[in-house]
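K.L.:
There's a structure below that I have some questions on.
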Amino acid sequence: MQIFLARNNVQAGPYTLDQLNIMLTSGEVVLDDLIWHEGLDQWQRVGNLTNNQPYYRPAPIVSADTNDSIINNVTIFPEDSASTTGQDDKAVSLDRLYGKPERPAENAKNSKVDMTTNRQYTPNSNVSLNKSGAKKISDKDKVVGDVVLAPIMSRVLATALNGLLYVLAIFPLVMALTKMDVDYTKFQNIQDMDAAYQYSMTLMESIPSSTLMMSQAMVFGLFALQLVFITLRGQSLGKLITGIRVVDQTTHRLPSFTKLIGMRTLLLFIIYNLLFSFTSFLGFVVIIVHYYMASKSPENIGWHDKLAKTLVVKADSSQLVKKPKVK
């Protein structure tokens, strides 16, 4: 179970149940703090769930997420900026959240390790108490709040894999065309697009119907599969293979259907189809510009991401859990 806490519009977590009870007993977490975990419809007062006792024993809930790794960061979300001026999307230590002085780095080495909190905050690093299977975060990773940004090369690889899958889907059609005497000069005159279209229709009529049906079935099947994974998981097949996902810039959770399908899928599909139909060179230039912008951005944001207000991050199951806003 992943438990989130909040005080003064500042959210902390996730924590395990044992950690929460230790912090309740020690007084680090008070009964007036807010709490949320999977199974709760909204944020609630801690004391309301514990019957005003310093111990929480929740009713059993069934969850598909069995990852008990603890990311001991506190995230200040953009919607909380009114009460946390100048600290949007930054992580702070739990000591700072609860109004305690932070320990100097030189004294932390000689102090007793507190296994319930990340007392000594260092940017771009998270602490996990689950030694058996928690994802490690390297010094090269970029961290924004509670998510790890996807490396640019992982995104490029995902795009290349999606392109490869499309080539495989039209492979029967390509093989049929290679056996025909195609006059490619008819496609080079951009001003005479009508003649090029008529010639392409003539070629299609020369291809066996079984080959056309097979290629069409593979293409439509690929697109349908891509839409299912993008809608349900925020991942194209390429992103699924590379272990990255699209999340909302504000909530760091799965974006809305409009952002995922309307902005990042259908609109981009139309734009790139128009660019590549005009000239392949222009289409590749726009893709290169997108990844160049992302590489220079602190949050790896390219023009795709600016358009849809999304981030591409390393995939984690907690990103698929819908979390209500703190009231």
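K.L.:
Does Gln11 qualify as being under 20 Å from the mean Cα position of the chain (by Cα) and at pLDDT 50 or above? Walk me through it before giving the result.
P.N.:
Numbers: under 20 Å from the mean Cα position of the chain (by Cα): yes; at pLDDT 50 or above: yes.
It is true that Gln11 is under 20 Å from the mean Cα position of the chain (by Cα) and at pLDDT 50 or above.
Conditions (1) in a loop (DSSP other than H, G, I, E, B); (2) of a type in the set (Phe, Trp, Tyr); (3) surrounded by fewer than 14 Cβ atoms within 10 Å (Cβ to Cβ); (4) at pLDDT 80 or above, marked per residue:
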position: Val29; (1), (2), (3), (4): yes, no, no, yes
position: Gln53; (1), (2), (3), (4): yes, no, yes, yes
position: Tyr56; (1), (2), (3), (4): yes, yes, no, yes
position: Ile61; (1), (2), (3), (4): yes, no, yes, no
position: Gly99; (1), (2), (3), (4): yes, no, yes, no
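K.L.:
Could you give me the residue pairs with C-beta distances under 9 Å whose first residue belongs to the range 51-64 and is within 9 Å of Gly39 (Cα to Cα), whose second residue is among the small types (Gly, Ala, Ser) and at pLDDT 55 or above wherever it lies, and which are 6+ apart or on separate chains?
P.N.:
Pairs found: Ile61/Gly39; Val62/Gly39; Ser63/Gly39.
K.L.:
Oh, and also: Kindly evaluate Gln235 against the criterion of being closer than 24 Å to Glu299 by Cα and in contact (Cβ under 8 Å) with a residue 24 or more places away in the chain.
P.N.:
On the way: closer than 24 Å to Glu299 by Cα: yes; in contact (Cβ under 8 Å) with a residue 24 or more places away in the chain: yes.
Taking the combined requirement at face value, the residue satisfies it.
The values are calculated or read from the model by the stated rules, or taken from the named source; none is laboratory data. Remember, predicted model here, so these are calculated numbers, not experimental data. Glycine also receives a Cβ, built like all others from the backbone with ideal geometry; neighbour counts cover every protein chain displayed.
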